[in-house]
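Take a look at the structure set out below.
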Amino acid sequence: MSVRTRALRLLGLLAASVMLALSAGFAWSVADDYQTRDIVPDGVALADGVSLSGLSRNDARRLLEGRVASPLLAPVEVVYGGVAFSFDPSDTLFVDIDAMLDAAFDPKSSVTVAERTLLRVTGAEETTEIEPVLEVDSERIAQWVRTVASRVDTPAVDATFTLDAGQIVMRASETGRATDVERTAGKIEEALLEGVKRVSLMVDAVEPAVSETDLGKTIVVKISERRLYLYDGMELEKKYGVAVGTARYPTPKGAFEIILKRYRPSWSNPAPNGWGADMPAYIPPGPSNPLGTRALNLNVPGIRIHGTTKNSSIGTAASHGCMRMHRWDIEDLYERVEVGTPVLIVR
């Protein structure tokens, strides 16, 4: 046998041995891969660092349910003004454990058998971080927030200065509250996705349409006291003594307003055939004028707040329905009020 022939024969034997070894190794790797394909590979962990490597699918599921799902599904506190409302996310948040398991096993399923074998043989380590896979029902959150809002929200209250059943009603304005449903629902959804367990209810202040300063001036006449009170908003600005109508000619009670301001008014006899029968039909401005130097006409015929020269009548029931004031008082009041000022007259 020639040297060349022996060399070729040895080379063939060597090649056959290598092929046999490779074939046996490949068969071993397939068998080994089959045995470990339901085990989470090395380097797989949750975002918080807890490892899933080496766990079976069932064990990995239990870990994900306890470590991820249970904390995420715990109630969220929604707080406002020292009161906490408990939001139960069990019907709102869905934790997709199956999708997370698929992601945990993905390093095995996404590469070939040869690549997986090479990773095991070489000791190379894959690093895979498993994030929670979540779905949120936004409308359910909004519905819950609207339910809470019905317990929290209050309407704004306008300032009022009016008559009710013959009584003066003074009510201060109050700021209302209105829950911002959209913003609060967004905060809760964000908290669910991030595992936060305490958020604030987003509540806006609702300002009243009418505040105390919007009320302006109001005149209150109390017939029984023979006094006139001037308010600015709800603050008493000044009070004056007045004369009011007699029992035969009473001062009318009710809610009125100033419709005309008269400087140095003239006087026309309103009852030439009655109580004014012995008086002239007309008296021009001057010291003998029954209305004095100033008059405030109300929106009721013949009724005014005016001055008088009969100072002794102030504090008594002496007029024909009007409210008389000292000259210096009516001149002072005249400068403080405008047409449209409410005049509330009560017993």
Under 12 Å between alpha carbons, and skipping anything fewer than 8 positions from Lys238 in its own chain: which aspartates and glutamates qualify? Asp329, Asp332
For Leu344, distant residues with modelled amide H under 5 Å away: Ile219, Val220, Val221, Phe256
Over all pairs of distinct alpha carbons, what does the Kirkwood formula give as the hydrodynamic radius of the range 216-346, in Å? 14.6
Give me Trp267, Trp275 sorted ascending by neighbouring Cβ count inside 10 Å, so fewest comes first. Trp275, Trp267
Residues whose modelled amide H sits under 5 Å from the amide H of Ala317, counting only those 5 or more places away in sequence or on another chain, are Val244
Give the order of Met325, Met100 when sorted by the count of other beta carbons within 10 angstrom, beginning with the fewest. Met100, Met325
What is the distance in Å between the Cα centroid of the range 255-317 and that of the range 45-102? 84
Table column - 3J(HN,Hα) (Hz), the range 160-165, Karplus curve with 6.51, -1.76, 1.60, x for Gly and Pro: 9, 9, 9, 9, 9, 6
Can you give the FRET efficiency for Thr175 and Ala74, using 1/(1 + (r/R0)^6), R0 = 45 Å, r = Cβ-Cβ distance, to the nearest 0.05? 0.80
The ³J(HN,Hα) series, computed from each phi in the range 173-190 with the Karplus coefficients 6.51, -1.76 and 1.60 at θ = phi - 60°, rounded to the nearest Hz and given as x for glycine or proline, is 6, 9, 6, x, 10, 9, 6, 7, 4, 5, 5, 5, 4, x, 5, 5, 4, 4
Could you name the aspartates and glutamates in cross-link range of Lys253, using Cα to Cα under 20 Å and dropping any fewer than eight places away on the same chain? Asp164, Glu225
Eligible lysines near Lys261 by straight Cα distance, threshold 16 Å, same-chain separation 8 or greater: Lys217
HN-Hα couplings for the range 195-206 via Karplus (6.51, -1.76, 1.60; θ = phi - 60°), in whole Hz with x for Gly/Pro, come out as x, 7, 10, 8, 9, 9, 6, 7, 10, 9, 7, 10
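Every read-out reported here was derived from the displayed coordinates using simple, explicitly stated rules and does not represent laboratory data. In this text the structure is predicted, and so the values were computed from the model without any measurement. Note that each Cβ is placed from the backbone with ideal geometry, even for glycine, and that neighbours are counted across all protein chains shown.
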